[in-house]
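Data first, discussion second: the structure below is written as structure tokens.
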Amino acid sequence: MRAVVTVVGKDKTGIIAKVSDFLAKRGVNILDISQTIMDSYFAMIMLVDLSKAVKELGCIADECAELGKSIGMSIHIQHEAIFNAMHNV
């Protein structure tokens with residue numbers, strides 16, 4: 001199963017490292033990543049593979065939100081199909 005991870009917030013050192021380490025420890029593989037910094041704001045979107053994840057998507061989503069709070073970012077993960085449905089007009 002594939003999912004989309006979004007990370008948004010004020011730019012600071014180590015965001016990519018913290019998020020990628022968090023995902024790797026849960027068996028989530030990053031398939032593609034795009035990030036940008038606009039003025040002082042950081043935005044990243046990742047396409048990930050959860051086929052070897054050690055936890056369910058819902059649990060990982062909750063933990064992503066907690067990680068986001070701890071580093072001052074907004075972090076969300078959702079199933080690829082839901083992400084696509086939300087962004088089709």
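Take the stretch 73-89 and flag every residue that is outside any strand (DSSP E or B) and either open to solvent by 50 Å² or more (accessible area, probe 1.4 Å) or free of Cβ contacts under 8 Å to residues at least 24 places away in the same chain (or both).
Ala81, Ile82, Asn84, Ala85, Met86, His87, Asn88, Val89
For the list (1) in a loop (DSSP other than H, G, I, E, B); (2) surrounded by 16 or more Cβ atoms within 10 Å (Cβ to Cβ), I need the number of the one condition that Thr13 fails.
(2)
Give the residues of the stretch 33-60 that are open to solvent by less than 30 Å² (accessible area, probe 1.4 Å) and not in a loop (DSSP other than H, G, I, E, B), sorted by residue number.
Phe42, Ala43, Met44, Met46, Val48, Ile60
Enumerate the pairs (first residue in the stretch 15-38 and under 12 Å from Leu67 (Cα atoms) and of a type in the set (Phe, Trp, Tyr); second residue anywhere and modelled with pLDDT of 95 or more and surrounded by 14 or more Cβ atoms within 10 Å (Cβ to Cβ)) with beta-carbon separation below 6 Å, excluding pairs fewer than 6 apart on the same chain, so at least 6 apart or on different chains.
Phe22/Leu67
Here are the criteria: (1) more than 13 Å from the chain's Cα centre (by Cα); (2) at pLDDT 95 or above. Tell me which single one Met1 does not satisfy.
Among (1) more than 13 Å from the chain's Cα centre (by Cα); (2) at pLDDT 95 or above, the lone unmet condition for Met1 is (2).
The values are calculated or read from the model by the stated rules, or taken from the named source; none is laboratory data. Here the structure is a predicted model, which means the values were calculated and not measured. Cβ sites come from the backbone with ideal geometry, for glycine too, and all protein chains shown count toward neighbours. Surface areas here come from the heavy atoms of the whole protein model, side chains and all, with no ligands, DNA or RNA. Shrake-Rupley method; radii C 1.70, N 1.55, O 1.52, S 1.80 Å.
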